[in-house]
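Novice: Mind looking over this structure? Questions follow.
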Amino acid sequence: MDIIGYFVRYIHEFNGFSVLLRIVLAVIAGGIIGNERGMHGSAAGLRTHIFVCMGGALTSLCSLYVSKVMGVEGDVFRIPASVVSGIGFLGAGTILVKSDSSIVGLTTAAGMWVTAITGIALGYGFYTGSIITTLICVVNATLFTKMEHNRLRYMRFYIEVSDVDIIQSIVDKLYAILSDDVYIDTIPAKSGIVGNVGLEVTTSTKNDFDRLKKELNSFKGINFIVQ
C-alpha cells in the first residue's frame, strides 16, 4: 500500500514521468473520442482529436512549468482558459448548414471542445475526471446516438463514393427504394480523400437501415455508408 500511495503522489507531482504520462494519456483519450467520430465519417476524426487533446494538455503543462520550475508567479489557469474559448473557432469549422437548412457537425464540434478540456485536465493531473469524461463521451456518442436515430421521424445517412460514375445509379436506386420521399445532397467527402464525393441522404420514411445499407453495398465504388 505504501508503494501505491507513493506512486499516486509521484504522478501528481510535476516531474518528467508525470509529464510523459499526461501527454500519452491525452493522446489515448483524444484517440478514443476521435476514432468514434471518424467511424461516422466526420472530417474531424482520430488525428484531429488527438492534436486537440494533446495541445490542451500541453497548455496546462506549460503553465505548471512556468510556475513550478521557473518560479514565475501568476495565474496558472490563464493560458488554458484561452484554449477553452479559442477551441470554439476550430469547432465552428465542423458545423455545416446544408441546402435544406439542416445543421450537421454539432456533435463533432461539442466533442472537440470536451476533448480540449479533457486534455487540459490531464495536463494538470486530474486523471480521474479525465478518464470518466472520456468514457462518458464514448457512451454518449455511440449509445445515445442510436437512441436519437430511433426516436427521430426521419432517417439520415451518409454515403461516400470513390467512383463518381456510379452516383446516378445510386440515386436511382434510392428513389426506387424510398420512392419520392427522399432528399439527396452532394457534398465534399468527409474523409478528405481527393476524388471522393459524399451523398447526404434524408428521408422521412422509416426504413431498416441495415437492409438498405446491404442493398447499396452491391455497388462497387462505395467507400462506406454511415448513419
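Novice: Any chance you could count how many residues in the range 152-168 are over 20 Å from Lys190 (Cβ atoms) and at pLDDT 85 or above?
Specialist: 1
Novice: Same structure again: Kindly establish whether Ser85 is loosely packed, with under 11 Cβ neighbours inside 10 Å and either within 15 Å of the chain's Cα centre (by Cα) or not β-branched (Val, Ile, Thr) (or both).
Specialist: In short, yes.
Novice: Moving on. Of the residues that sit in the range 60-76 and are modelled with pLDDT of 80 or more and within 10 Å of Tyr124 (Cβ to Cβ), which one is surrounded by the fewest Cβ atoms within 10 Å (Cβ to Cβ)?
Specialist: Going through the qualifying residues, I end up with Leu64.
The values are calculated or read from the model by the stated rules, or taken from the named source; none is laboratory data. These numbers come from a predicted model, not from an experiment. In this analysis, Cβ positions are derived from the backbone assuming ideal geometry, glycine residues included, and neighbour counts consider all displayed protein chains.
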